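Notes for the one structure printed next.
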Amino acid sequence: MDSFEFNKIAGAVLGTALLVFGLNELSKFIYHAPKPEKQGYAVEVAEAAPAGETAADTAAAAPALSLGTMLASADATKGQAVFKTCAACHDGSKGGPNKVGPNLWGIVGRNHGIHEGFAYSDAMAALKDKPWTFEALNAFIANPKGAIQGTKMAYGGLKKDADRANLLAYLQTLSDSPVPFPAP
């Protein structure tokens, strides 16, 4: 290869590089994109309840259907499908084992934190004199950490009212003597 061929190739490479870098600089003048003051994206999250306020208090403040009305139209079969996510940590069979969470057979009407053979958090054990009503279960399933601060349950909560109502209808069936739904 003679020097003339080498100079043509080197000139073409340098000319292309100059064109690319030149167009890049020219595009900065044409398409000006200001730098943001703060890098990143704003992520919207639900505001935490004020100290001393539980999820039940927050839910009561929001205009929604009453729990009795929601449960009147609930479907236990659909609730059984929702329960599949709960089954990773809870068993629902009569006499079934405790898993990461306690067995849920007969949960509706049973007192908090008393299922034999399960080590409850101090916060849950402190409520051993209070029964699991549909209202208490609804608030706890919606936001476990907000309803009972200090609970060991790591689940983030079931946000959809219909899914919670269906799940509560299914939990009602897990009993020898089901507790009736509250009046609408």
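Inside region 141-184, can you point out the residues that are more than 13 Å from A76 (Cα to Cα), in a helix (DSSP H, G or I) and open to solvent by 60 Å² or more (accessible area, probe 1.4 Å)? K145, D161 - these are the residues of region 141-184 that are more than 13 Å from A76 (Cα to Cα), in a helix (DSSP H, G or I) and open to solvent by 60 Å² or more (accessible area, probe 1.4 Å).
Checking each residue in region 79-93 for being out of contact with any Gly (no Cβ under 8 Å at 6 or more places or on another chain) and closer than 17 Å to P178 by Cβ picks out G79, Q80, G92, S93.
Applying a threshold of 7 Å to beta carbon distances and a minimum spacing of six or more residues, or different chains, the list of pairs starting in region 146-167 at a residue that is within 15 Å of A136 (Cβ to Cβ) and ending at one that is of a type outside the set (A, V, I, L, M, F, W, C) and open to solvent by 30 Å² or more (accessible area, probe 1.4 Å) reads G146/T54; A147/T54; T151/K145; G157/N143.
Looking only at residues in region 94-140 that are touching a residue at least 60 places away in the same chain (Cβ under 8 Å) and in a loop (DSSP other than H, G, I, E, B), the one that is surrounded by the fewest Cβ atoms within 10 Å (Cβ to Cβ) is K94.
The values are calculated or read from the model by the stated rules, or taken from the named source; none is laboratory data. For clarity, every value in this text was computed on a predicted model and none was experimentally measured. For neighbour counting, all protein chains shown are included, and Cβ atoms are generated from backbone atoms with ideal geometry for every residue, glycine included. Surface areas here come from the heavy atoms of the whole protein model, side chains and all, with no ligands, DNA or RNA. Shrake-Rupley method; radii C 1.70, N 1.55, O 1.52, S 1.80 Å.
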